[in-house]
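Asks: Got a structure for you, written out below as structure tokens; questions coming shortly.
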Amino acid sequence: MSVRNKFTITISDVNGSKHYLLHQIIKRFVLYFTLFIIFIIVTGSYLISFLMDEVTGLEVKKTNMIKQQKDLKQSNDKLIKDLKQSNDKLIKDLNLKTKILTKKINKKNEELNSIKDKITDIEALVGITPSLEEEVDIRLQKIQFTTAQQKLFFDNIPNGEVVPFSGFSGKFGWRIHPILKRKEFHRGLDLRAKRMTPVRAPADGVVEYAGYHKSSGFGNLVIIEHNYGFKTSYGHLSKKFPVKSGDFVKKGDIIAYTGNSGMSTGPHLHYEVRFITRPLDPLNFIKWNSSNFEQIFKKEKRVSWQSLIKQMQNHLHLAKQQ
């Protein structure tokens, strides 16, 4: 390329003039521009890399925060659920315990009321005026029967075993007759006993009947009339009779022997206790003793105990005066 085809740029200042060819300027421009572009690219790459790292870090933090939030929510839900279950269980247990405690309190109140009613009945029987203001234990101390009163009862009213007790085969009350196979009221108690077991009088009395009694179905039968309207009967006996009609007997005397006579399915004793013809449950009288002396007054309502006790007290009073 000739010099005449090139452009020359002259720059003059106080120091003189400088001449530049156009292609040198272009080269420098291109060089500076290229360096600038490279700088922009490098700087941009660094910034982009830095920003990408920051974004990645933020994403990780976001993911961790979301996970922590989820875990926290699950823990919170579980805590709420556990607290609710615990609270429900506590309320349920408390309600159950309250119900049980209330039931026990009601039962104790019923027992206390029953005891108070019993004390009131016995106080009336022995002639003590009831005092509702006094405590139960004080009232109990006032109704103790004397030994003499108990002995008078036990000598005159049927009590205790008539044969050694080994259970019973027929209870007092409604049942199906073992032979007739029909429903009927059993007015006595069938006591298990081997043949020829001695039968003893449960109280003082007089023999009303001793012999074979066909119409009743009891076979050999003994009936004793005791004092104060009580009467006892003994059925299905052996034909051996130690007593006869009209004999006076004392408590504990042998009055008969067990057998299997009459309408009977096996050896046993049919035992009846009556008060002015009213049948009573003999088991109450068999179990009657000094340790549970007052219970008979509560169990047997068909006996006029109040008037009976009054008569016995008068009897003891007259005996002391004599």
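The values are calculated or read from the model by the stated rules, or taken from the named source; none is laboratory data. No experiment lies behind these values; they were computed from the predicted model shown. When we count neighbours, we look across all protein chains shown, and the Cβ atoms used for this are built from the backbone with ideal geometry, even at glycine. SASA here: full protein model, heavy atoms, side chains in, ligands and nucleic acids out. Shrake-Rupley method; radii C 1.70, N 1.55, O 1.52, S 1.80 Å.
Asks: Could you please put Glu59, Glu208, Glu294 in sequence from largest to smallest accessible area, using a 1.4 Å probe?
Replies: Glu59, Glu208, Glu294
Asks: Could you calculate the contour length gain from Asn87 to Thr63, that is, 0.36 nm times the residue separation minus the distance between their Cα atoms, to one decimal place in nm?
Replies: Stretched fully, the Asn87-Thr63 segment lengthens by 5.1 nm.
Asks: Find the accessible area per residue for the range 171-322; the probe is 1.4 Å, ligands and nucleic acids are left out, and the unit is Å².
Replies: Per-residue value: 54 Å².
Asks: At a Förster distance of 30 Å, what's the computed FRET efficiency of Lys104 paired with Lys301, Cβ-Cβ distance as r, to 0.05?
Replies: 0.55
Asks: Quote the relative contact order of the range 180-264 in percent (integer), defining contacts as alpha-carbon pairs under 8 Å separated by 6+ residues.
Replies: After rounding, I find 36 percent.
Asks: Counting Lys and Arg as +1 and Asp and Glu as -1, what is the net charge of the other residues whose Cβ lies under 12 Å from the Cβ of Arg195?
Replies: Spelling it out: positives minus negatives among the neighbours equals +4.
Asks: Say the cut-off is 18 Å between C-alpha atoms; which of Lys194/Lys240; Lys84/Lys104; Lys231/Lys298; Lys103/Lys299 go over it?
Replies: Among Lys194/Lys240; Lys84/Lys104; Lys231/Lys298; Lys103/Lys299, the Cα-Cα distance tops 18 Å for Lys84/Lys104; Lys231/Lys298; Lys103/Lys299.
Asks: Now for a separate question. Between the range 20-84 and the range 287-308, what is the C-alpha centre distance in whole Å?
Replies: 104 Å
Asks: Continuing with the same structure: Can you give the Rg to Rh ratio for the range 216-322, taking only C-alpha atoms and Rh from Kirkwood?
Replies: With Rh from the inverse mean 1/r over Cα pairs, Rg/Rh is 1.03.
Asks: Run the numbers for Asn227 and Met263: contour at 0.36 nm per residue of separation, minus the present Cα-Cα distance, in nm.
Replies: 10.0 nm
Asks: Something else about it: Going highest first, how would you order 249-261, 280-292, 71-83 by mean Cβ packing within 10 Å?
Replies: With the highest mean Cβ count within 10 Å placed first, the list reads 249-261, 280-292, 71-83.
Asks: I've got another one for you. Which order do Tyr228, Tyr46, Tyr234 take when ranked by solvent-accessible area (1.4 Å probe, heavy atoms of all protein chains), largest first?
Replies: In descending accessible area the options line up as Tyr46, Tyr228, Tyr234.
Asks: Moving on. How long is the gain from Lys70 to Tyr32 if the chain were fully straight, where each residue apart is worth 0.36 nm and the alpha carbon distance is subtracted?
Replies: 8.1 nm
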